[in-house]
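Values quoted throughout were computed directly from the atomic coordinates according to the rules given, and no laboratory measurement underlies them. Predicted model only: the values in this text are computed from it and were never measured. All Cβ positions, even for glycine, are placed from backbone atoms using ideal geometry, and neighbour counts span all protein chains on display.
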Amino acid sequence: MKKVLMVLLTLSIACLITAGPAPSAEKVLKLGASVCITGRLAKEGGYVKDGYTLWMEMVNQKGGIKVGNDRYKVEIVFYDDKSDPQTGAKLTEKLITEDKVKFILGPFGSGITLATSAIGEKYKVLTVACQANALNIYERGFKYIISILPPATYYLRPVIELSQKVNPAVKTAAVIWADDAFPEYCGKGAAAYVKEKGLQVVYEGKYPKDVKDLSSILLEAKSKNPDMLLGGTYFNDGLLIAKQMKEQNFGVKMVGLSVGPQLPAFTENLGKDADYIMGCEWWTPHSPWKDDFFGTAKEYAQRMKARFGYEPSYHPTSASVAGYVLQLAIEKAGTLDVTKVTETLRNMKVTTVWGPMAWNQAGQNTEIHSSVIQVLKGKVEVVYPFEGKTASHVYPFVPWNKR
């Protein structure tokens, strides 16, 4: 019996020596994202969620975020804000106070971000806003907000610039927009730039953000016989504009919408009726930019398509880049202290797959670069600037009854 006990004791000691100390628990950095999974902005919100997810998966595959001598795997807690600012604000507070997230990755849309970023500011938690560039967000003197997109007022400018390079040049424009922060700044910014370029704005109109029928406002615009129609839109009203323009046989020489033509679902819903409609992209898979994390724009697009089944517009890309610039700021600061990370990020100048990026003290990205895209034969093509085009623009707009 003694021999048996001695053998068991010897084996136990050997196991303890072999096993060594217990492995330490994996360090996790918890981030929060309340995004539009349902509701009127679900399509755009879904793209944002995909972009965040791709970055999270990639950074974890690469070993996580380096913080000093430690590495942290990323966990993103997602909630559905139902495309509603008040719901988004409540969920953001829940993320901070109950889920104890360290940083917030912003929702889709300036209107919702206007509400959620106030919660982040209250608790001194940084929001990296991937899809919020309305000016009123950044005019409140907030410290804990950073934008990926440049200001919304600049967004449709490339379409207007192209309208002066075609033959014959556009002379008159109608401008309409949804009654929400981002599309309103797009629309008003476009109208101001049209006037600055010496064109005549023959009609300006605003419609409800949850609009179901745009026939009246389109008939009013049509009655002014504009050469060009510009729309400060989200996806659903962009679709509605195209459908009801066709119903009314509303003919113009050029159509430019802020959201819609860039997205795969636009052509999926409209088919041939999507052709010749223009939009703008802050980023495309043909952009010349690259970084050490995502690679080239083309390589990023290939990753997105392999993971989610579609070629990305700037919407998921901005979300992925939001995660990446936060990662860069944390690694440069060498700490998870929110104030230090925020200060580091605001003072950084970086080039990512998105392009050059730098921020002013309001948190706005001051590096502005965008392209005009046009749907041609069901495919999104870059048509301006001409030196970066993937296809030649079609002008004037082909009449609805001649397709």
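I need the shape label for the stretch 143-208. Rule: rounded when a/c is under 1.5, else prolate if a/b > b/c, else oblate, with a, b, c from the alpha carbon gyration tensor. Oblate is the answer for the stretch 143-208, as a/c is 1.5 or above yet b/c matches or exceeds a/b.
Comparing 389, 340, 62 in a Gaussian network model of the chain where C-alpha atoms under 10 Å apart are linked, the largest mean-square fluctuation is found at 62.
Please identify every one of the trypsin sites (Lys or Arg not before Pro) in the stretch 87-122 that sits in a loop by DSSP and has no more than 13 other beta carbons within 10 Å of its own beta carbon.
When the trypsin sites (Lys or Arg not before Pro) of the stretch 87-122 are filtered for loop state and at most 13 Cβ neighbours within 10 Å, 100 remain.
Obtain the nm distance between the two label points defined at residue 73 and residue 164 by a simple spin-label model: each point lies 7 Å from its Cα along the Cα-to-C-beta direction. It works out to 5.5 nm between the two label points.
At 0.36 nm per residue, minus the direct Cα-Cα distance, what do residue 30 and residue 392 gain on full extension? Give it in nm, one decimal, please. Please report the intermediate quantities before stating the final value.
Working: separation 362, 0.36 × 362 = 130.32 nm, distance 4.57 nm.
Extra length available between residue 30 and residue 392 comes to 125.7 nm.
Here the mean projected area of the convex hull built on the C-alpha positions of the stretch 57-109 is 4.5 nm².
For an R0 of 25 angstrom, estimate the FRET efficiency from the Cβ-Cβ distance between residue 60 and residue 366 and round to the nearest 0.05. Intermediate results must be reported in sequence, preceding the final value.
Working: r = 31 Å, r/R0 = 1.25.
According to the calculation, E is roughly 0.20.
Looking at the stretch 169-307, the DSSP beta bridges with both ends there are about 10 percent antiparallel.
For the chain, calculate the relative contact order in percent as a whole number, restricting contacts to Cα pairs under 8 Å that are 6 or more residues apart. Numbers along the way, then the final one.
Details: 838 pairs, mean separation 66.5, N = 403.
Normalised by residue count, the contact order of the chain is 17 percent.
Between 0 and 90 degrees, the angle of helix 42-61 with respect to the longest Cα principal axis of the chain falls at about 30 degrees. The convex hull built on the alpha-carbon positions of the stretch 310-403 has an orientation-averaged projected area of 8.5 nm².
Compared with the dominant principal axis of the Cα atoms in the chain, helix 297-308 is inclined by about 70°. Kirkwood's formula applied to the C-alpha pairs of the stretch 237-335 gives a hydrodynamic radius of 15.5 angstrom.
When DSSP assigns beta bridges and you keep just the ones with both residues in the chain, what percent turn out antiparallel, to the nearest 5? Beta bridges within the chain, antiparallel portion: roughly 35 percent.
Starting from the Kirkwood radius over alpha-carbon pairs of the stretch 212-289, derive D by Stokes-Einstein at 20 °C in a medium of 1.002 mPa s and give it in µm² s⁻¹. This corresponds to a translational diffusion coefficient of 164 µm²/s.
Structure remark: mean-square fluctuation, Gaussian network model of the chain, C-alpha springs under 10 Å; the largest value among 28, 74, 175 belongs to 28. Taking 111, 363, 205 in turn, the Gaussian network model of the chain (Cα-Cα springs below 10 Å) assigns the largest fluctuation to 205. Mind running the shape call on the stretch 160-314? Use the C-alpha gyration tensor, a ≥ b ≥ c as the square roots of the eigenvalues: rounded below 1.5 for a/c, prolate if a/b tops b/c, oblate otherwise. Prolate shape, in that a/c is at least 1.5 and a/b is the bigger ratio. Normalised by residue count, the chain yields a Cα convex hull volume of 159 Å³ per residue.
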